[in-house]
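Shown next, in structure tokens, is the structure this report addresses.
Computed from the coordinates by the stated procedures, all read-outs in this text should not be read as laboratory data. Nothing here was measured: the structure is a model prediction, and the numbers come from that model. Counting neighbours? That spans all protein chains shown, and the Cβs are built from the backbone with ideal geometry, glycine included.
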Amino acid sequence: MNRDYEEIEMFCKEFLDFCENVRGYAARLESVVRSSEGSLQDEVGRKAVSNVEDLAKQLCSIVDNGEEAVTAIRKSNKEIGDEFEDLKKKLY
């Protein structure tokens, strides 16, 4: 098998796990902000809530883009690994 296949696969898995963690943190952040909305009625408080909600949405967007790219890399890596194994079988 391609000597880098396993390292690439490990990186992809760790990155996807990281993305899932960040998504969870963003969801908790949104939840905390929503629960504090009622007590933050002044302009500064509403602006802070809006800024944090925007940050959480941006985090989720960044994670989605990263996941999409790494999933494509993972798929390509698997296809290359499968082709390599097929070639080895044909040769031996």
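Remarks
Listed here are the residues, each with its yes/no results for (1) closer than 24 Å to residue 8 by Cα; (2) free of Cβ contacts under 8 Å to residues at least 40 places away in the same chain.
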site: 23; (1), (2): yes, no
site: 36; (1), (2): no, yes
site: 46; (1), (2): no, yes
site: 54; (1), (2): no, yes
site: 60; (1), (2): yes, yes
site: 76; (1), (2): yes, yes
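- The single condition from (1) under 30 Å from residue 4 (Cβ atoms); (2) surrounded by 14 or more Cβ atoms within 10 Å (Cβ to Cβ) that residue 64 fails is (2).
- Residue match in the stretch 10-24 (condition: at negative phi, more than 16 Å from the chain's Cα centre (by Cα) and loosely packed, with under 13 Cβ neighbours inside 10 Å): no
- For the stretch 67-83, filtered to residues that are surrounded by 15 or more Cβ atoms within 10 Å (Cβ to Cβ) and under 9 Å from the mean Cα position of the chain (by Cα), the residue that is farthest from residue 5 (Cα to Cα) is 67.
- Residue within the stretch 34-54 that is within 18 Å of the chain's Cα centre (by Cα), assigned to a helix (DSSP H, G or I), under 20 Å from residue 17 (Cβ atoms) and of a type outside the set (Phe, Trp, Tyr) present: no
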